[in-house]
Amino acid sequence: MTRPGGARIAGLGLLAAALVGLWKSLELESWSFDGPGAGLFPQLVTGVCVALALLVVVSPGKAGSTEEGDTEEAGTGAEARRTFALYAIAFGTLAAGAAYAGFAVTAIVTAVVIVRFAERRSWAAALGYGMACAAIGLVCFGWLLRVDLPEGPIERAFYTLVR
C-alpha cells in the first residue's frame with residue numbers, strides 16, 4: 001500500500017474542515033418567510049468547499065505544477081516583501097474605506113491595489129475586475145439579498161434606482 005502524498009493529506013484535512021462547516025451550516029435556517037435565511041450562503045459555500053476538497057482527494061494533481069505545466073518559485077527577498085506590503089495596504093484600504101467611502105469605491109480601490117500593483121496586471125484588468133466586484137456585490141448582496149453594505153453616494157444612487 002502506498003502512502004498518501006502531501007496534497008491528498010491536505011485535501012483530507014480540508015475535507016474534514018469543510019464537512020464540519022457544512023454540518024454546522026445545515027443547522028441554520030436556509031429560507032424564512034421573507035427570503036433567504038441566515039444559513040443559505042454558508043450552506044452554498046461549504047457545499048462548494050466539500051466538492052472541491054473531494055476533488056483534491058480524488059485527483060490531487062502533480063506537486064508544484066501550475067496550469068501551464070511549469071513550476072512557480074515563491075518570491076523571496078525584496079519582491080516578496082513588496083507584494084506582502086501591498087496586500088497589507090489593500091486590507092487597510094478595505095477596512096478604512098468601508099467606514100468612509102462606501103462599498104463600491106472600497107471594492108474598486110482594493111482590487112486596483114491588489115491586481116495592478118501586487119499582481120502587476122494591466123490597468124484595464126485591475127479596473128475591470130474592481131468594477132465587476134463592486135457591481136456583483138451591489139446587485140447580489142445589496143439588492144437581491146438586502147445585505148446592509150457600507151453606503152456611499154454610489155450605493156445610495158443604485159438603491160434609489162432598484163428599490
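The values are calculated or read from the model by the stated rules, or taken from the named source; none is laboratory data. Computed from a predicted model, the values in this text were never measured in an experiment. Methodologically, a virtual Cβ is constructed for each residue, glycine included, from the backbone with ideal geometry; neighbour enumeration extends over all protein chains shown. When the accessible area is computed, the model is the full protein with side chains, heavy atoms only, and any ligands, DNA or RNA have been set aside. Shrake-Rupley method; radii C 1.70, N 1.55, O 1.52, S 1.80 Å.
Tell me yes or no: at least one residue of the stretch 96-105 is at positive phi, surrounded by 13 or more Cβ atoms within 10 Å (Cβ to Cβ) and of a type outside the set (A, V, I, L, M). Within the stretch 96-105, one or more residues are at positive phi, surrounded by 13 or more Cβ atoms within 10 Å (Cβ to Cβ) and of a type outside the set (A, V, I, L, M). Of all the residues in the stretch 107-163, those that are open to solvent by less than 50 Å² (accessible area, probe 1.4 Å) and touching a residue at least 60 places away in the same chain (Cβ under 8 Å) number 0. Filtering the stretch 22-59 to residues that are open to solvent by 50 Å² or more (accessible area, probe 1.4 Å) and part of a loop (DSSP other than H, G, I, E, B) leaves LEU26, GLU27, LEU28, GLU29, PHE33, ASP34, ALA38, SER59. In the stretch 26-65, the qualifying residues are those that are under 19 Å from ARG146 (Cβ atoms) and of a type in the set (S, T, N, Q), and the one that is modelled with the lowest pLDDT is SER32.
Scanning the stretch 1-21 for residues that are hydrophobic (A, V, I, L, M, F, W, C) and either surrounded by fewer than 17 Cβ atoms within 10 Å (Cβ to Cβ) or touching a His at 6+ places or on another chain (Cβ under 8 Å) (or both) yields MET1, ALA7, ILE9, ALA10, LEU12, ALA16, ALA17, LEU19, VAL20. ALA132 meets each of the listed conditions (1) within 28 Å of PRO42 (Cβ to Cβ); (2) modelled with pLDDT under 95; (3) among the small types (Gly, Ala, Ser) apart from (2).
Residue check: is PHE84 open to solvent by 40 Å² or more (accessible area, probe 1.4 Å), farther than 20 Å from ALA135 by Cα and either in a helix (DSSP H, G or I) or at pLDDT below 90 (or both)?
Details: open to solvent by 40 Å² or more (accessible area, probe 1.4 Å): yes; farther than 20 Å from ALA135 by Cα: yes; either in a helix (DSSP H, G or I) or at pLDDT below 90 (or both): yes.
Judged against the criteria, PHE84 is a match.
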